Amino acid sequence: MSEIDYKSHWEKVYEKRTFDKLGWYEKQSVPSLELIKQCNISKDAKILNVGAGATTIIDDLLKLGYNNLIANDISAPALEVLKSRLNEDDLNKVQFIIDDLTNPTILSKFNNIDVWHDRAVLHFFTVEKDQDTYFNLLKTVLKPGGFAILAEFNLEGALKCSGLDVYRYNAAMLQNKLGMNFKLLKTFDYIYTMPSGEERSYVYTLFQNNNNE
């Protein structure tokens, strides 16, 4: 398992602050939503949001008609915040899975995910074995032809976030981690403004799994 107790860390974060004051909060995840639209998937395609926390992208995807969503986080309090915003009908369209991406026990049983979406999760894994576990899980659960959207701090980004060190990426580094069975369809840098007014530099990438096995 990871040397960092991520579960304890993130549960304390969500217990101390309201979700709309957290450093990664977005009122609307515009870049991610645009990339998901570009995947041209059906409304019942299975979209997995890893490290979802209390993200508003789940709300927005439901409004767009997507009805087969999975919200994963290591923090139960974070997912409870997300659940509290949804009505009963929408709750039936979302699976909530508490699982650790560096030591997965539930997500590793999936193998039919259409879209893997990660905004600001991978860059917290600074230990190589945690990174390897993350990418092995992604390759296991994503179906052939499926899409991976990875949005992480870029090489000009912050060195820390939420009191933790981060590991910064560019598109080539993510390509290397995914391997040549994944085709890079789109990448761009993006400046995100935190609720505090500070700016954070991200790299957004859209990959497609071309593994036909």
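The values are calculated or read from the model by the stated rules, or taken from the named source; none is laboratory data. As the structure is a prediction and not an experimental result, all values here were calculated from the model. Positions of Cβ are backbone-derived with ideal geometry, glycine not excepted, and every protein chain shown enters the neighbour counts.
What the table below lists for this structure:
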| quantity | calculated |
| --- | --- |
| Every residue from segment 121-144 that is among the β-branched types (Val, Ile, Thr), modelled with pLDDT under 95 and under 13 Å from Val50 (Cβ atoms) | Val121 |
| Selection from segment 114-129 of residues that are outside any loop (DSSP other than H, G, I, E, B) and in contact with a Phe, Trp or Tyr (Cβ under 9 Å, 6 or more places away or on another chain) | Asp114, Val115, Trp116, His117, Asp118, Arg119, Leu122, His123, Phe124 |
| Qualifying residue in segment 162-176 (condition: in contact with a helix residue (DSSP H, G or I) (Cβ under 9 Å, 6 or more places away or on another chain) and farther than 21 Å from Leu101 by Cα) | no |
| Residue that is nearest to the chain's Cα centre (by Cα) [pool: residues in segment 60-113 that are touching a residue at least 40 places away in the same chain (Cβ under 8 Å) and in a loop (DSSP other than H, G, I, E, B)] | Leu101 |
| Selected residue (only one of Phe188, Phe182, Phe207 is over 23 Å from Lys129 (Cβ atoms), at pLDDT 95 or above and among the aromatic types (Phe, Trp, Tyr)) | Phe188 |
| Hey, Gly197 loosely packed, with under 15 Cβ neighbours inside 10 Å, out of contact with any Leu (no Cβ under 9 Å at 6 or more places or on another chain) and either part of a loop (DSSP other than H, G, I, E, B) or modelled with pLDDT of 95 or more (or both) or not | yes |
| Identity of the residue in segment 38-77, at pLDDT below 95 and among the hydroxyl-bearing types (Ser, Thr, Tyr), that ends up surrounded by the most Cβ atoms within 10 Å (Cβ to Cβ) | Thr55 |
| Residue count, segment 161-194 (criterion: farther than 23 Å from Leu142 by Cα, touching a Phe, Trp or Tyr at 6+ places or on another chain (Cβ under 9 Å) and either part of a strand (DSSP E or B) or without any contact (Cβ under 8 Å) to a residue 24 or more places away in the chain (or both)) | 7 |
| Residue satisfying all of: in segment 56-98; touching a helix residue (DSSP H, G or I) at 6+ places or on another chain (Cβ under 7 Å) and polar (S, T, N, Q); nearest to Leu206 (Cα to Cα) among these | Asn72 |
| Residues that are buried (at least 21 other Cβ atoms within 10 Å of the Cβ), touching a residue at least 60 places away in the same chain (Cβ under 8 Å) and among the charged types (D, E, K, R), drawn from segment 134-154 | none |
| Failed criterion for Ala158 (all others in (1) modelled with pLDDT of 95 or more; (2) in a loop (DSSP other than H, G, I, E, B); (3) not acidic (Asp, Glu) hold) | (1) |
| All positions within segment 78-99 that are under 30 Å from Tyr169 (Cα atoms), at pLDDT below 95 and not β-branched (Val, Ile, Thr) | Ala78, Leu79, Leu82 |
